[in-house]
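Asker: Supplied in C-alpha cells, the structure appears directly below.
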Amino acid sequence: MLFSLKTCSLMVLTFSLYGCAHPLWRTKGDPLEPVNRVIFTFNTVADKAVLKPAAKTYQTITPKTARKGIRNFLDNLQAPVIFVSDVLQGKPKRAAKTLARFAINTTVGIGGILDVAKSAGIEMHYEDLGQTLATKGVPAGPYLVLPLFGPTNARDLVGLTAELAFSPLSFTRFKGKQTFGRARLAVNTIDRRAETLQQVDLIRKNTLDEYVSIRSYYEQIRKDAIADGVVDVHDLPDFDLVE
C-alpha cells in the first residue's frame with residue numbers, strides 16, 4: 001500500500017471516485033458497509049469541493065515536465081518501504097534493484113527528480129507492508145473506508161501504520177513539527193488526483209453504484225499486487241497514497 005502506493009497513495013483516486021452512496025445491494029463480506037457508505041459520501045463531497053479543483057489548478061499552472069519531476073521525487077521517497085517489503089518477503093533480487101534505484105536517483109538523479117535508474121534499465125516496482133503481511137498468511141479482515149484516505153482493509157491499515165515509520169520524512173522536523181511529511185502528503189495527493197481527472201469523471205458518469213465498483217476494484221488490485229501481477233499504478237486509481 002504505497003503511499004503509490006498504490007499506495008497514497010490508498011487513496012487519492014479511490015477517495016476521489018467516491019460517488020453517491022446508494023445501497024443498491026449489501027454484501028456479506030462487507031460488515032461495515034453502512035458506516036463505510038457514510039464515509040464514502042463524505043469523501044465524495046470533499047473531493048468535489050476541494051481536491052478536484054486543486055488538482056485542476058495544479059495541472060494548469062504546473063508544466064508537464066515539472067509534474068514528472070515531482071512524481072519521480074515522490075516515487076523515490078517510497079524506496080525505503082519497498083526495500084523493507086522486498087527483504088521481508090524474501091526477494092533479494094528485487095530488494096537489490098530497489099536499493100540501486102534509490103542510490104542512483106538520490107545522487108545522480110538530484111534527489112530523485114530525474115529517474116536516471118530507469119534510463120539505465122532498472123525499472124521501479126511496488127511493494128508494501130500490507131502485501132508483506134498477506135504473504136505471511138495474515139487475513140485481509142473487513143473492508144474499510146477511511147475519511148479522506150479512502151478504501152483499505154484491516155490488514156493494509158496495519159501495514160500502512162508501520163510504513164509511516166520507514167518514511168524518510170517521518171524523521172524530519174521543522175520547528176518541532178512534521179511539516180515536510182505533511183507537505184509531501186498534500187502534494188502527492190494532488191498530483192495523483194491530477195493524473196486521473198478524466199478517468200474519475202468517466203467512472204462517476206458510467207457507474208451505477210460507485211461504492212460497490214470501487215470496493216471490487218480495490219480488492220482485485222490488492223490481490224494482483226500480492227501476487228506480483230503487472231499493474232501500471234499510474235493508469236489506475238491510487239489506493240496507497242500515504243506512505
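Asker: Report yes if some residue within the stretch 85-107 is among the aliphatic types (A, V, I, L, M) and in contact with a strand residue (DSSP E or B) (Cβ under 8 Å, 6 or more places away or on another chain); otherwise report no.
Answerer: The first filter runs over the stretch 85-107 and keeps only residues among the aliphatic types (A, V, I, L, M), leaving 87-88, 95-96, 99-100, 103-104.
Now narrow it down to the ones that are in contact with a strand residue (DSSP E or B) (Cβ under 8 Å, 6 or more places away or on another chain): none.
Scanning the stretch 85-107 turns up no residue that is among the aliphatic types (A, V, I, L, M) and in contact with a strand residue (DSSP E or B) (Cβ under 8 Å, 6 or more places away or on another chain).
Asker: Being modelled with pLDDT under 85, surrounded by 21 or more Cβ atoms within 10 Å (Cβ to Cβ) and hydroxyl-bearing (S, T, Y): is that true of T196 here?
Answerer: Values: modelled with pLDDT under 85: yes; surrounded by 21 or more Cβ atoms within 10 Å (Cβ to Cβ): yes; hydroxyl-bearing (S, T, Y): yes.
It is true that T196 is modelled with pLDDT under 85, surrounded by 21 or more Cβ atoms within 10 Å (Cβ to Cβ) and hydroxyl-bearing (S, T, Y).
Asker: Could I ask something else about it? Considering only residues that are under 17 Å from the mean Cα position of the chain (by Cα), among the polar types (S, T, N, Q) and assigned to a helix (DSSP H, G or I), which ones fall in the stretch 31-87?
Answerer: If the condition is that a residue be under 17 Å from the mean Cα position of the chain (by Cα), among the polar types (S, T, N, Q) and assigned to a helix (DSSP H, G or I), then N43, N72, N76, S85 are the ones that fit.
Asker: List the number of the failed condition for E123; all other conditions in (1) buried (at least 17 other Cβ atoms within 10 Å of the Cβ); (2) closer than 19 Å to D75 by Cβ; (3) of a type in the set (D, E) hold.
Answerer: Only one criterion is unmet by E123, namely (1).
Asker: Here is a list: G137, G150, G181. Which entry is small (G, A, S), modelled with pLDDT of 85 or more and surrounded by 15 or more Cβ atoms within 10 Å (Cβ to Cβ)?
Answerer: G150
Asker: While we're looking at this one, here's another question. Of all residues in the stretch 98-137, which are part of a helix (DSSP H, G or I) and of a type in the set (F, W, Y)? Full working, then the answer.
Answerer: Residues of the stretch 98-137 that are part of a helix (DSSP H, G or I), as a first pass: 98-107, 116-119, 129-135.
Listed by number, the list holds a single entry, F102.
Asker: Say we look at the stretch 199-224 and pick out the residues that are closer than 15 Å to G150 by Cα and of a type in the set (K, R); which of these is surrounded by the fewest Cβ atoms within 10 Å (Cβ to Cβ)?
Answerer: Taking the candidates together, the pick is R215.
The values are calculated or read from the model by the stated rules, or taken from the named source; none is laboratory data. Treat the numbers as computed from the prediction; the structure is a model and nothing was measured. With ideal geometry, Cβ positions are generated from the backbone for all residues, glycine too; neighbour counts draw on all protein chains shown.
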